[in-house]
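Report on one structure; see the data block that follows.
The values are calculated or read from the model by the stated rules, or taken from the named source; none is laboratory data. A quick note: this is a predicted structure, and the numbers were derived from the prediction, not measured. For neighbour counting, all protein chains shown are included, and Cβ atoms are generated from backbone atoms with ideal geometry for every residue, glycine included.
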Protein chains: 2
Amino acid sequence: MRVGHVGLAARRMSAEEAAELILPDMAVGMSGFTGAGYPKAIPGALAKRITQAHERGEDFSVRVLTGASTAPELDGVLARSGGIGFRLPYQSDPDLRARINDGRIEYMDIHLGHVAQYAYYGFLGKVDMAVVEVTGILPDGRLIPSTSVGNNPAWLDLADKVILEVNQRQPMSLEGMHDIYQAPLAPPHRQPIPLLNPGDRIGEPYFYCDPSKIVAVVETDTPDRMTSFTPPDEGSKMIAGHLVEFFRHEIRKGRLGEHLLPLQSGVGNIANAVLDGLKDAGFGKLTAYTEVIQDAMLELVGEGIITVASATAVSLSESAVDEFMDRIDYYRSRVILRQQSISNHAELIRRLGCIAMNGLVEADIYGNVNSTHVAGTSIINGIGGSGDFARNGFLSCFMTPSTAKNGAISCIVPMVSHVDHTEHDVAVLVTEQGLADLRGLSPKQRANVVIGNCAHPDYRPMLQDYFDRAFRDSQGKHTPHLLNEAYAWHQRYLGTGTMKF
Amino acid sequence: MRVGHVGLAARRMSAEEAAELILPDMAVGMSGFTGAGYPKAIPGALAKRITQAHERGEDFSVRVLTGASTAPELDGVLARSGGIGFRLPYQSDPDLRARINDGRIEYMDIHLGHVAQYAYYGFLGKVDMAVVEVTGILPDGRLIPSTSVGNNPAWLDLADKVILEVNQRQPMSLEGMHDIYQAPLAPPHRQPIPLLNPGDRIGEPYFYCDPSKIVAVVETDTPDRMTSFTPPDEGSKMIAGHLVEFFRHEIRKGRLGEHLLPLQSGVGNIANAVLDGLKDAGFGKLTAYTEVIQDAMLELVGEGIITVASATAVSLSESAVDEFMDRIDYYRSRVILRQQSISNHAELIRRLGCIAMNGLVEADIYGNVNSTHVAGTSIINGIGGSGDFARNGFLSCFMTPSTAKNGAISCIVPMVSHVDHTEHDVAVLVTEQGLADLRGLSPKQRANVVIGNCAHPDYRPMLQDYFDRAFRDSQGKHTPHLLNEAYAWHQRYLGTGTMKF
């Protein structure tokens, strides 16, 4: 019996009936973080309703606020219906992305750790409706969270009305894995957050939501989108190898302890491959304070190499889901899922001293990083939490293959076409070619190691040539640039399909 | 008797003798923050030594690490001697700046709140020598800090050897104004910093330094560089007016309380003018949690409008220094000077919810801010603490006249030539033309308000034309840009002396 609360059981209805409660121009706070714990039924029903309204010639769009990326059943179906007027934060759905980049959807790319804070402050406007997937409802009305926590506490707090999806497919054994922290959120009344270690529990494993606000309960039985990871390729293994070697070097120099510091790892194949590389590196008693637990991190926890992992979502492949469910009691004592305002909180990331490891789109020779845009104009996914961790962590590492599109693109460029992480916030850059340690260096010194250690040999002479001519001809020689050429590589790629001459 | 400690009194010597202890290639951590509390005598004596070595054909340069900008007696004289090989962080000396921009000095521009942390981590290399100005030395060896605290606790801790300048000109009545917090600085052993209000005292009013490390004590009697401020001009008053009106609007909307939140204010005339504007705005019981107390903030404290101001330095004009000294007992109970790793700490700025108000060099239509570079290549001063506050505060406001150089430069451009604050970290942009509230907006929505509210009428049609054509022709329409034109305005200025056609 997933809906234990008598009053709420009486509010069970179909997704179609519940979707009728969502009106045009509403701001809807939805659950969902990297394909985990998103509502499975309401968005599709809403999309149908929107499509019908459009067929009748009526305007109908909503503002969609989530935790991060979701799945085709949410972002995909709503984007295709033309019903998303505004969307934040991180997204990764192809249909949604296409409509953002053709100018039809307004998208705000915001640090994942800032969303709830800004919503509470009132900076993001009113939240009319929350649509949140949960695992179950206890008789007293407390809610068992699902496979992601995301911004759910904020949406449940702030929304005028709430629709719950109770997903039978999420195992009841998730109960107890979550840690939901309630604190006075607005200054000047803030207190220190009493979290000193990644494994600390500082809250309760349930959401609380005034049942009188809950206008509908919809039962579903659908698995999360499951992400499959490509096995680490040679390049990813080399990136992992450089990073492992660097960590060993830092331990020898006394700048890191043998158990490192809490690891944060971005999403995707490269991040997954780097964690995979840590598996065989001989490290032990590691911890993670991160956003998402993907396959490789689960494996590190499963093998006891990571003793505790704190995150806001579990986003696994099908086989990893099986492993996770088979040993759920083991994992429940080692995995903690928190709201993203805590998993990505500046205070905690700074205090714990996280080692941030994130992917990028392109970096420039001076260490500026573009995490979001192709050629300065098209968004890929968004900044995610990379800024939360790179800005306030112990060490901000960014990793990428040195080239993309079979070598047609150099991921190291003269000047990035969009800046998500400034020169002030990037400590280490890694490609399969090598690692550039940018700590304590001036821009010109950085250019030297980035070109020498990270650039692909095909592009290294071109970068060196740019730098040399910029140093010779640039008006200012602190950060030498040729403004008429800074984006020539991007323009060449757009024109000819390659950054090469 | 300023040197109360018997052992240290025996180590008194001339600046020339003390400068002999500084050897080539040493990294020297010096006191000094915005022209306050910097060593007055040793740098000049060191510069002479360096000049003599150069005349003998010997290499001699040092790495100079400070709190922030200093004065001609430190950065100026050392830069002219050719003796600075590397310098961090913020600087503002014309001779130093010229040598950074002609490529002779390597300069690292780092967030002021990160310097001590990175130094303790070992990321900035070894610190060989500290040269720190103090007000006096107590019989038990405790040191009374001077008019700035800056990174002094870190330099005193980390340096192998220490030279103290005891400046008779700094009033002994400064004793008790400082709050120096000692904490385990490296993770994983960190605890929450127990500061809940700007006025909290969490440490001791003295530095501690092992007397056996102190190799020289030099007595000086020289005032700080005193900065004079230009009286607020019409434009500055209009900027202040827009900001005051915005704060009132936020109070009406319930997003700010009537006493606002702790104010942070950047350095310079505009920041000073904005604080001046707050004076007559009818606000009361305000607080400040900031880096530097300049004239206008002192006046707000003096008139009781700001009840308590926390900073790391007091940087005043000559007349304000008189006022400060005349009523030092009044100010000592209302002004707290902390090390800059605490005044600019992510955890505290986030907890307190600072309202960040900083100047800029240029902003672009999408809300990216350049705080440091002219035309992407020449550094002006550095990022200072603007990133510490903009990134983790409650509200990040940036302000600038809409044009510079008598209208030849638009401070609102299609694309900034250097990014110090990304689109993700800029909430409010203000010029004398008006205020753009960027919260909760997509890039295109931001462009609309930035062009409409902030740009100068002379440049507004040019910006609108760029945006319209970019939206039409850009490959991606999330952040529309024409890469071949993005820096055309800067190039035109470099070529013709104006950004106008």
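Residues considered: B:116, B:98. Of these, the only one that is among the small types (Gly, Ala, Ser) and surrounded by 24 or more Cβ atoms within 10 Å (Cβ to Cβ) is B:116. Being more than 23 Å from residue A:287 (Cβ to Cβ), surrounded by fewer than 24 Cβ atoms within 10 Å (Cβ to Cβ), small (Gly, Ala, Ser) and within 14 Å of chain B (Cβ to nearest Cβ) is a property that does not hold for residue A:319.
Among what's in region B:214-233 and is charged (D, E, K, R) and at pLDDT 95 or above, pick the residue that is surrounded by the fewest Cβ atoms within 10 Å (Cβ to Cβ). So, considering only residues that are charged (D, E, K, R) and at pLDDT 95 or above, the one surrounded by the fewest Cβ atoms within 10 Å (Cβ to Cβ) is B:221.
Just for region A:376-409: of the residues that are assigned to a strand (DSSP E or B) and at the interface with chain B (Cβ under 10 Å from one of its Cβ atoms), which one is nearest to residue A:236 (Cα to Cα)? Don't jump to the end; show me each part of the working.
Quick first cut of region A:376-409, residues assigned to a strand (DSSP E or B) only: A:378-379, A:395-399, A:403-404, A:409.
Remaining after also requiring at the interface with chain B (Cβ under 10 Å from one of its Cβ atoms): A:378-379, A:395.
Working: A:378: 25, A:379: 24, A:395: 20 Å.
Ranking the candidates gives A:395 first.
Of all residues in region B:257-280, those satisfying the criterion of being of a type in the set (A, V, I, L, M, F, W, C) and touching a residue at least 40 places away in the same chain (Cβ under 8 Å) are B:260, B:261, B:263, B:267, B:270, B:271, B:273, B:274.
Given the options A:25, A:59, name the one that is in the same structural domain as residue A:119 (by TED's automatic domain parsing), at positive phi, surrounded by fewer than 17 Cβ atoms within 10 Å (Cβ to Cβ) and touching a residue at least 12 places away in the same chain (Cβ under 8 Å).
Numbers: A:59 fails: at positive phi.
Residue meeting the stated conditions: A:25.
Selection of region B:131-141 for residues being under 27 Å from the mean Cα position of the chain (by Cα) and farther than 19 Å from residue B:315 by Cα yields B:131, B:136. Contact annotation: residue pairs with Cβ atoms under 9 Å, 6 or more positions apart or on different chains, pairing a residue in region A:462-489 that is farther than 21 Å from residue B:372 by Cβ and more than 7 Å from chain B (Cβ to nearest Cβ) with a partner that is of a type in the set (Ser, Thr, Tyr) and crowded, with 21+ Cβ neighbours inside 10 Å, are A:462/A:410; A:463/A:410; A:485/A:466; A:488/A:466; A:489/A:410; A:489/A:459; A:489/A:466.
Determine whether residue A:187 is more than 25 Å from the chain's Cα centre (by Cα), of a type outside the set (Phe, Trp, Tyr) and either surrounded by fewer than 24 Cβ atoms within 10 Å (Cβ to Cβ) or not assigned by TED's automatic domain parsing to the domain that holds residue A:319 (or both). So residue A:187 fits the description; yes. Of the residues making up region B:87-138, those that are within 9 Å of chain A (Cβ to nearest Cβ), hydrophobic (A, V, I, L, M, F, W, C) and more than 30 Å from residue A:346 (Cα to Cα) are B:100, B:105.
Can you give me the number of residues within region A:180-216 that are of a type in the set (Asp, Glu) and either within 14 Å of chain B (Cβ to nearest Cβ) or part of a strand (DSSP E or B) (or both)? Residues that pass the stated criteria total 2.
Every residue, every condition in (1) in the same structural domain as residue B:118 (by TED's automatic domain parsing); (2) on the phi > 0 side of the Ramachandran plot; (3) in contact with a strand residue (DSSP E or B) (Cβ under 6 Å, 6 or more places away or on another chain), yes or no:
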| position | (1), (2), (3) |
| --- | --- |
| B:198 | yes, no, yes |
| B:202 | yes, no, no |
| B:267 | no, no, yes |
| B:271 | no, no, yes |
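For residue B:495, are the conditions met, namely being of a type outside the set (Val, Ile, Thr), farther than 11 Å from residue B:368 by Cβ and touching a helix residue (DSSP H, G or I) at 6+ places or on another chain (Cβ under 8 Å)? No; evaluated as a whole, the condition is false for this residue.
Kindly provide the set of residues from region B:317-351 that are under 19 Å from the mean Cα position of the chain (by Cα), of a type in the set (Ser, Thr, Tyr) and farther than 19 Å from residue A:192 by Cβ, ordered by number. Break it down into steps so the answer makes sense when it comes.
Restricting attention to region B:317-351, the residues satisfying the condition of being under 19 Å from the mean Cα position of the chain (by Cα) are B:317, B:335-350.
Right, trim to of a type in the set (Ser, Thr, Tyr) and you get B:317, B:341, B:343.
Correct list: B:317 only.
Taking the criterion of being crowded, with 19+ Cβ neighbours inside 10 Å, of a type in the set (D, E, K, R) and not in a helix (DSSP H, G or I), the only residue of region A:441-490 that qualifies is A:477.
So how many residues does region B:279-302 have that are of a type in the set (S, T, N, Q) and over 15 Å from the mean Cα position of the chain (by Cα)? Outline the logic, then answer.
Here is the first cut: in region B:279-302, the residues of a type in the set (S, T, N, Q) are B:287, B:290, B:294.
Then drop every residue that is not over 15 Å from the mean Cα position of the chain (by Cα), which leaves B:287.
Of the residues in region B:279-302, 1 are of a type in the set (S, T, N, Q) and over 15 Å from the mean Cα position of the chain (by Cα).
Would you confirm whether any residue within region B:263-278 is at pLDDT 95 or above and farther than 24 Å from residue B:454 by Cα? Scanning region B:263-278, I find no residue that is at pLDDT 95 or above and farther than 24 Å from residue B:454 by Cα, so the answer is no. Going through (1) crowded, with 19+ Cβ neighbours inside 10 Å; (2) among the aliphatic types (A, V, I, L, M); (3) assigned to a helix (DSSP H, G or I) one by one, residue A:435 falls short only on (3).
Among the residues of region B:28-53, not one is surrounded by fewer than 22 Cβ atoms within 10 Å (Cβ to Cβ) and touching a residue at least 60 places away in the same chain (Cβ under 8 Å).
Filtered by the rule that a residue be of a type in the set (A, V, I, L, M) and in a strand (DSSP E or B), region B:120-178 gives B:129, B:130, B:131, B:132, B:134, B:137, B:143, B:144, B:162, B:163, B:164, B:166.
Here's the yes/no breakdown for (1) in contact (Cβ under 8 Å) with a residue 12 or more places away in the chain; (2) under 17 Å from the mean Cα position of the chain (by Cα); (3) farther than 13 Å from residue A:30 by Cα; (4) assigned by TED's automatic domain parsing to the domain that holds residue A:146:
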position: A:69; (1), (2), (3), (4): yes, yes, no, yes
position: A:77; (1), (2), (3), (4): yes, no, yes, yes
position: A:80; (1), (2), (3), (4): yes, no, yes, yes
position: A:89; (1), (2), (3), (4): yes, yes, no, yes
position: A:94; (1), (2), (3), (4): yes, yes, yes, yes
position: A:101; (1), (2), (3), (4): yes, no, yes, yes
position: A:107; (1), (2), (3), (4): yes, yes, yes, yes
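The single residue among A:38, A:90 that is over 24 Å from residue B:422 (Cα atoms), of a type in the set (Phe, Trp, Tyr) and modelled with pLDDT of 95 or more turns out to be A:38. Can you work out which of the residues in region B:250-274 that are within 14 Å of chain A (Cβ to nearest Cβ) and aliphatic (A, V, I, L, M) is surrounded by the fewest Cβ atoms within 10 Å (Cβ to Cβ)? For region B:250-274, the residue satisfying everything is B:251. Of the residues contained in region B:362-369, none is found to be on the phi < 0 side of the Ramachandran plot, touching a Gly at 6+ places or on another chain (Cβ under 9 Å) and modelled with pLDDT of 95 or more.
Test residue A:146 against the criterion of being away from chain B (no Cβ under 14 Å), touching a residue at least 40 places away in the same chain (Cβ under 8 Å) and more than 22 Å from the chain's Cα centre (by Cα), and give yes or no. So residue A:146 does not fit the description; no.
Quickly run through region A:78-95 and pick out the residues that are within 18 Å of residue A:22 (Cβ to Cβ) and either small (Gly, Ala, Ser) or part of a helix (DSSP H, G or I) (or both).
Of all residues in region A:78-95, those within 18 Å of residue A:22 (Cβ to Cβ) come to A:78-88.
Hits for region A:78-95 are A:78, A:79, A:80, A:81, A:82, A:83, A:85.
For the condition charged (D, E, K, R), away from every other protein chain (no Cβ under 14 Å) and in contact (Cβ under 8 Å) with a residue 12 or more places away in the chain, residue A:423 does not qualify.
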